[in-house]
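Read the structure below first, then the notes.
Every number in this text was worked out from the coordinates using simple rules, so none of it is lab data. Source: prediction; values computed, not measured. Neighbour counts run over all protein chains shown; Cβ positions are idealised from the backbone, glycine included.
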Amino acid sequence: MNQNDPEIVERLQSQFPDALQSVAAIDQPTLQVGLPDLLRVMTFLRDEQKYKMCLDVLVVDYLPTHPRFEVVYHLYEPWKHARIRIKTRVAINQSVPSVTPLWPGANWPEREAYDLFGIVFEGHPDLRRIYLPDDWDGHPLRKDYPMTGTRID
Amino acid sequence: MGLNPAQKEAEKSLLLTTVEKMGRWAQKSSVWPATFGLACCAIEMMSVTNSRYDLARFGAEVFRASPRQADLMIVAGRVSQKMAPVLRTIWEQMPEPKWVISMGACASSGGVFDNYAIIQGVDHVVPVDIYVPGCPPNPEALMFGILKLQEQIMKGIPPKYQRLAMEAQTP
């Protein structure tokens, strides 16, 4: 099952010197990238390295730390069955460039991230809430959102 | 004094009752539920109609996909905040008189899902006649709830929403 491509880390680091940091992970190559370099790295991965599929876009809320959120992208290369994970840190007032123009499949995952965490994806064609009602207040998966529901009685 | 043959025949083949009682009997013997399965309780609700439990014995097996043909709404499962307006609309589309069974812990009180997404009891949205406890209630429990509802109908107790309206009118 483990058919990943560990050399992708060196190829990426020679292509983008000083832009990427390798992160220890047990399952697949994982790289941390700064927000300004995100789209360049993603375009390179899709066009030059054949990562043709965006599996998911995830968000982690590290509440007390300063760049509060971490956006995680999982990409897939269908010929070698290789996967890669790209992470980037986002502060609460920052927006992330959308990868939907690169992978149309990132449309709904980005809407989900916007719905539940309030991350704004710049350049997304249709950034609306996807799960919650349109008039919902707040973003429920943030760490500072109340844990329990409102008992009406 | 002896009865003539026509009177004897009538004694054997006629039962006397009131029209109201007869109407209630017809009503309780054909409580048609609307399908409103929302979670795992719906699986138990489905199995109540199969041959092992056979809800058809009590005339309530015809699950209707259209609320306009249903008398009873079995809310089976957790109701999310997003589903609540849909549930209310479907309840309002049902012809009167209509009843609601809240099936299981989640529909009755929110259950373990004490979070932002789940309504803490469907009685905040629609008036509930019968609460069936359990997580999920087994088919016998749901059948018991339906039988209790039939008892209420037979006794002439009006549906909960009518009782609430009457309470609101009395000063």
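In table form, for the structure just shown:
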quantity	calculated
Rg(Cα)/(2.2 N^0.38 Å) for the protein assembly as shown, N = residue count	1.51
Region B:1-87 - percent relative contact order, Cα under 8 Å, separation 6 or more	35
Residue-averaged beta-carbon neighbours from other chains (10 angstrom radius) around A:130-143	2
Residue-averaged [θ]222 nm for chain A, counting only DSSP H segments that reach four residues, each worth -39500 (n - 2.57)	-5500 deg cm²/dmol
Helical contribution to [θ] at 222 nm, DSSP H n ≥ 4, -39,500 (n - 2.57), averaged over chain B, rounded to 500	-12000 deg cm²/dmol
Neighbourhood charge, 13 Å Cβ-Cβ cut-off, centred on B:Lys21 and excluding it, Lys, Arg +1 and Asp, Glu -1	+2
Length released on extending from A:Tyr145 to A:Glu48, taking residue separation times 0.36 nm less the Cα-Cα span	30.8 nm
Relative packing of B:51-58, B:152-159, which averages over residues the other C-beta atoms within 10 Å, highest first	B:152-159, B:51-58
Radius, Kirkwood style, for region A:34-153 when every pair of distinct Cα atoms is counted (Å)	15.3
Nearest-0.05 FRET efficiency for B:Gln81 and B:Leu16, computed from C-beta distance (R0 45 Å)	0.30
Estimated inter-spin distance, B:Ser30 and B:Lys148, nm [label 7 Å along Cα→Cβ]	2.7
Chain A: angle of helix A:38-47 to the longest principal axis, Cα-based, in degrees nearest 10	50
Mean separation of Cα contacts under 8 Å (6+ apart) over length of chain A, as relative contact order %	18
With 5 Å bins from 0: P(r) over region B:1-72, alpha-carbon pairs, percent	3, 13, 16, 16, 12, 8, 8, 7, 6, 5, 3, 2, 1, 0
Tilt relative to chain A, helix A:107-117 - C-alpha long axis, 0 to 90 degrees, to 10	50
In nm, spacing of pseudo-spin labels at A:Asp135 and A:Asp56 (7 Å Cα→C-beta vector)	3.3
For B:Ser66, B:Ser102, B:Ser47, order by how many other beta-carbon atoms lie within 10 Å, fewest first	B:Ser66, B:Ser47, B:Ser102
Computed log₁₀ I(q)/I(0) - Debye formula, equal Cα scatterers, no solvent, chain B, q 0.09 Å⁻¹	-0.36
Value of relative contact order over chain B, rounded to a whole percent, pairs C-alpha under 8 Å and six or more apart	22
Debye log10 I(q)/I(0) for region A:4-78, one point scatterer per Cα, at q = 0.14, 0.18, 0.21, 0.23 Å⁻¹	-0.47, -0.78, -1.06, -1.25
Angle in degrees between helix B:84-93 and the longest Cα principal axis of chain B, rounded to the nearest 10	20
